[in-house]
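All remarks here apply to the structure that follows.
The values are calculated or read from the model by the stated rules, or taken from the named source; none is laboratory data. All figures in this text were calculated on a predicted structure; none of them were measured in a lab. Cβ placement follows ideal geometry from the backbone for every residue including glycine, while neighbour counts extend to all protein chains displayed. Note: accessible area is taken over every heavy atom of the protein model, side chains too, but ligands, DNA and RNA are not part of it. Shrake-Rupley method; radii C 1.70, N 1.55, O 1.52, S 1.80 Å.
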Amino acid sequence: MEYFLQQLINGLTLGAVYGLIAIGYTMVYGIIGMINFAHGEIYMIGSFIALICFSILGLSGVASVPLAILVVLLVTVLFTAAYGWAVERLAYRPLRGSFRLAPLISAIGMSIFLQNYVQLLQGARVKAMAPMVTGGFVVTERAGFQVTLSYMQIIIMALTLILMAGFSQLISRTALGRAQRACEQDQKMAALSGIDVDRTVSLTFLLGAGLAAVAGVMTTLHYGVIDFFIGFLVGLKAFTAAVLGGIGSLPGAMLGGILIGLVEAFWAAYFAAEYKDVAAFSILVLVLVFRPTGLLGQPEVEKV
Amino acid sequence: MDLGNRFGDDGIQWGAILKDAGLAALVALVLALLLFGVRLSDGGGGGLEFRPWWVVIAVAAVFAGRAAVALWIGTRKPASGTALPWFDRAVARLSEHKRLLFAAFFLAVAILPLLPVADRRMVDLATLVMIYVMLGWGLNIVVGLAGLLDLGYVAFYAVGAYSYTLLAIHFDLSFWVCLPLAGAIAALFGVLLGFPVLRLRGDYLAIVTLGFGEMTRIIIINWSSLTGGSEGITGIAVPTLFGLRFTPSPAAGETAFHQFFGIPFGGIHKLIFLFYIILILALLTHLFSERMRKLPMGRAWEALREDEIASRALGLNPVLVKLSAFGLGAMFAGFAGSFFATRQGFINPSSFTFIESAIILAIVVLGGMGSQVGVICAAIVLILLPELARDFAEFRMLLFGGAMVAIMVWRPRGLLAHRVPSVRLGQAPPGALRGGLP
Amino acid sequence: MSALASPDAAVPAMLEVAHLSMHFEGITAIDDVSFSARRGEITGIIGPNGAGKTTVFNCITGFYRPSVGRIALDHEGGRFLLERMEGFRIARDAGVARTFQNIRLFPRMTVLENLLVAQHVKLMRASVFSIAGLLGLPRFREAEAAAIEVARGWLDRLGLVKAADREAGTLAHGQQRKIEIARAMCSEPKLLCLDEPAAGLNPRETAELNRLLLDIREDYGVGILLIEHDMAVVMGISDRVVVLNYGAKISDGTPEEVRNDPAVIRAYLGEEGDPPETNSRGPSPGRGRP
């Protein structure tokens, strides 16, 4: 039971991270109907920028941990969002109206490019950081097994909750949200009714990249180890989360993220840890085959 | 940032160009500041190396590049800014003589190892390139003809290699028996994987095939009792030429290749022999896919690529049509995998990563989807260049990725994309129709 | 099927649509529509925008699965319940071919190739799943040559033999419309469903289209189901007309009967009361080119 509880906590933490990244996939898919294959790489770049910022702050002797985290969050979100914007501008925007596979191939190219770009600039070896936020609560304890909820895990879950709440407001209340929903429905009509489609798409990429950057900061703090390749698997799992939740749906992305995180944690704990990635892919395939609309998604009607 | 009209009648608008390049440089500054300017130390410790010059150089390069592009495009008419009509015409003209070109290519390649300049390294490199040409042609059936983006093609390559190896080692079967079996197993694998997922939309299919590729690798790594885990399997025998072995000291009662022909033993004989095997396999792949394109099945592949809804309305069973392309593509990957195993003499999972799939896809995409010549050219450039220029190898994947984006932006059908119709009314199929022209 | 009162009971209906309804997430696109169509006749389906015409087509051709209702097709090949069949089977086995409102040719394949893809089923059988084709057996070559002759025949009829080897996507709009109809006919259908074939055609092209459809009816004896906005087309060539409005059938009969049906005049023209045939629109020739 205690073991189960501990895995539950770990899974929820992991799931929150997947959920944050999944929102980026889901928003982009919703608005321009493409899988932004390079989104996992944006998360990876966010992790690197976060680690660089933490290191700079560490060298300049900033002692206050909350201040450091806040500053790093801000800086990382800004710089990573710039990457999200640039990727859309360079690799996707010129392709609107091109043939069916073009944006996807371009996205794969972008993903390969960014991986190797970071590898060349920062080296292929693993980068690590000493934990900044340590300690936590002991939730229960029995027979020598402690169930702990670390402060870091609390931060991750709380921040995710806050961001989710903020995002729902953004989408349902603001002009940007309305523009996004209009573009989802019909880009041509949106443009005709005075919505700047290019700007809306750009902002969507900025926001998605910003959330991925937050995920990057959190994982860097929590797990402390990154390399240029982390975006690949995490991206794939976050995409799985988006599909599981129903692609195009924000709450779906969060729900999917948490489910994937839980499945991964429990699978690794109770079954074979080496097959935990296989479990995530299997979910992806099963969902796509049996329920392509996901848990909370809207069915797509084929336009004939 | 439309660059179409940088030039009015008043000449070069330097102001606009500088402003545009300045903006680009500003973006570059933001992007480069941290990742270029600061290098993290490996491992932990938080050590940093600051390199401001890298940032300066990156920003300056973007500024100059953007300005140069603006100038270059500005001197051309807006409409032809990206298209290259003379290039298209040249490609079209070349495509008219496709058969001749291919005959010349295969002939030239066939005599290559017999030339006096051919050394071991050269033959070996040529073999490597031919493996990728074959893989490219195989994937071209799936991506180029049927329009199914398969990001896990390497899985079938791996299945072919492992099936071949296990059959050869456990049942002591010869290369020529194992090869078709391995191809068949890979095809079966393709059909089994493809069946549930081929009704998915194109982009979902891509991700799912990517997942299959990774799953295959993970299973190979972890199923150690069968596959030897990440160590892999060693001691795969080299095929024989009608029972003649390529060995300096054959077992008693056996005749080695060099003894049979009464020539001194040379290590290169084996390599040349392997080279001819892959050449024949590649030739088969080429002939097969060219032939298929002219058959109803091949036309159905292309029709489905062009418009699935219209295809269904004409009675084409989309799952069956896609499955055939997927399975046949997998079969050729299986053949190539078998050859790969026998050439290396050992296999392990590290040869079958996503990067491999990406390279094969890059060959198909850059050369021109559906273009057989394009695959040859792209394979030569993408495989040979990094092997010859070692300094370049480090940048290889970076450039592949960048090139894939650039090609999609500038020439989405690929560099050498020119479609030759599978049949012409003027030249109806062999026989039957000749007399009946109006 | 008794819901359908056929005016001429001597010729049995080939297609019987009975109590067809289709709901999309609470919206009722078609509501209890019943009608029939006979072979050798052109049945027009008309109605204002959003009346559910294309949805009816999509149900008949298997792109949508109707929520309620039965769609039965009877001919010498057997009896088919279309509402239960997959789209490609409806085309392949039941012999229903269709065209699309926004032309769906295979744009990068040549016109001839387009017409050959339509003969896929026949050619596939002749190529024995490509094996006979790969070996170049005479059995396949003959079938292929015959298929090309069929295609040539259609191109001849359309006056488009010269365009045979051009990429279909490069043809003019009006030519693409004709090719799409020829492609549908190449699949040897029993029932041909045309979704607004006159859309984007100029008056001359529209007249040619009418001629073509009447010829097809004469020469092949297929049943034609025709969705059309253009009253000149529908009233001019249809043997029977079905009128839909807001997803429901409001009239059904000969063009003359329908034209004088007060319900139709109300639905179509609101308060103006002009007879429908003057309502034909004449789009400019260049409009709607791809």
message: Restricting to DSSP H runs of at least four residues, report the calculated mean residue ellipticity at 222 nm for chain A, -39500 (n - 2.57) per run over all residues, nearest 500 deg cm²/dmol.
response: -24500 deg cm²/dmol
Of all accessible heavy-atom area on chain B, the percent that carbon and sulfur account for (1.4 Å): 68 percent
Two-site label geometry, B:Glu231 and A:Leu59: point separation in nm, points 7 Å out along Cα→Cβ: 4.5 nm
task: Compute the distance in nm between two label points, each set 7 Å from the Cα along the Cα-to-Cβ direction, one at B:Leu114 and one at A:Leu233.
output: 5.1 nm
message: Give the separation of the Cα centroids, segment C:36-81 to segment B:269-295, in Å.
response: 50 Å
query: Using a 1.4 Å probe on protein heavy atoms only, how many Å² of accessible area do B and A hide from each other, summed over both chains and rounded to 100?
result: 5800 Å²
message: Among A:Ala143, B:Met130, C:Asn202, which residue has its Cα furthest toward the positive end of the charge dipole of the protein assembly as shown, with +1 on Lys/Arg Cβ and -1 on Asp/Glu Cβ?
response: B:Met130
- prompt: Which whole-Hz ³J(HN,Hα) couplings does segment A:154-162 yield from phi under the Karplus relation 6.51 cos²θ - 1.76 cosθ + 1.60, θ = phi - 60°, glycine and proline marked x?
  reply: 5, 4, 4, 5, 5, 4, 4, 4, 4
message: Using a 10 Å cut-off around each Cβ of peptide C:119-130, what is the average number of partner chain Cβ atoms that fall inside?
response: 5
Per-peptide average of other Cβ atoms within 10 Å, ordering B:88-94, C:46-52, B:233-239 highest first: C:46-52, B:233-239, B:88-94
field: Partners for A:Lys237 among lysines (Cα-Cα distance below 23 Å; same-chain residues under 8 apart left out)
entry: A:Lys127, A:Lys276
- request: Would you mind counting up the charge near B:Met130? Only other residues with Cβ under 14 Å from its Cβ, with Lys and Arg at +1 and Asp and Glu at -1.
  value: -1
- request: Report, in whole Å, the centroid distance computed from the Cα atoms of segment B:223-267 and segment A:155-201.
  value: 64 Å
message: Let me check I've understood the local charge: for A:Met44, count other residues with C-beta under 14 angstrom from its C-beta, Lys and Arg +1, Asp and Glu -1. What total comes out?
response: 0
task: Determine which lysines satisfy two conditions relative to C:Lys178: a Cα distance under 19 Å, and not lying fewer than 8 residues away in the same chain.
output: C:Lys162, C:Lys190
message: Rounded to the nearest 100 Å², what is the buried accessible area between B and C, both sides summed, probe 1.4 Å?
response: 3700 Å²
query: Can you list the lysines whose alpha carbon sits under 25 Å from that of A:Lys188, skipping same-chain ones fewer than 8 residues off?
result: A:Lys303, C:Lys53
- request: Note down the accessible area of C:Arg217, probe 1.4 Å, to the nearest 10 Å².
  value: 40 Å²
message: Under 8 Å for C-alpha pairs, at least 6 residues apart: give me the relative contact order for chain B, rounded to a whole percent.
response: 23 percent
statement: In deg cm²/dmol, rounded to the nearest 500, the helical mean residue ellipticity at 222 nm of chain B, built from -39500 (n - 2.57) for every DSSP H run of length 4 or more, is -21000 deg cm²/dmol
- prompt: Taking Cα pairs under 8 Å and at least six residues apart, what relative contact order does chain C come out at, in percent?
  reply: 25 percent
statement: For chain B, the longest principal axis of the Cα atoms and the Cα long axis of helix B:14-37 enclose an angle in degrees, to the nearest 10, of 50 degrees
task: Give me a single rounded figure for C:55-65: the average over its residues of other chain Cβ atoms within 10 Å of their Cβ.
output: 2
- line: Excluding ligands, DNA and RNA, the carbon-plus-sulfur percentage of the accessible area of segment A:2-290 with a 1.4 Å probe reads 69 percent
message: Could you tell me the center-to-center distance, by alpha carbons, between segment B:46-70 and segment A:1-68 in angstrom?
response: 28 Å
field: In Å², nearest 10: area of C:Glu142 left accessible to a 1.4 Å probe
entry: 120 Å²
field: Debye, to nearest 20: dipole size of chain A, +1 on Lys, Arg Cβ, -1 on Asp, Glu Cβ
entry: 480 debye
- line: Dividing the helical contributions, -39500 (n - 2.57) per DSSP H run of n ≥ 4, by the residues of chain C yields a 222 nm value, nearest 500 deg cm²/dmol, of -10500 deg cm²/dmol
task: Could you state the accessible area per residue of chain A in Å², with a 1.4 Å probe and every protein chain left in place?
output: 40 Å²
Average Cα contact separation per residue, segment C:105-188, under 8 Å, 6 or more apart, as relative contact order %: 50 percent
query: By how many degrees, between 0 and 90 and to the nearest 10, does the Cα long axis of helix A:2-32 differ from the longest principal axis of chain A?
result: 20 degrees
field: B:His418, B:His170, ranked by accessible area, largest first (probe 1.4 Å)
entry: B:His170, B:His418
- prompt: With the Cα gyration tensor of segment C:63-108 giving a ≥ b ≥ c as the square roots of its eigenvalues, does the rule (a/c under 1.5 for rounded; else a/b larger than b/c for prolate; else oblate) give rounded, prolate or oblate?
  reply: oblate
message: Just to be sure I understand the rule: take each whole DSSP H helix in chain C, project its Cα atoms onto its long axis, keep it if the span is 18 Å or more and its mean Kyte-Doolittle hydropathy is at least -1.0. Which ones pass?
response: C:138-158, C:173-186, C:203-220
message: What does the structure give for B:193-205 when I average, per residue, the other chain Cβ atoms found within 10 Å of the residue Cβ?
response: 4
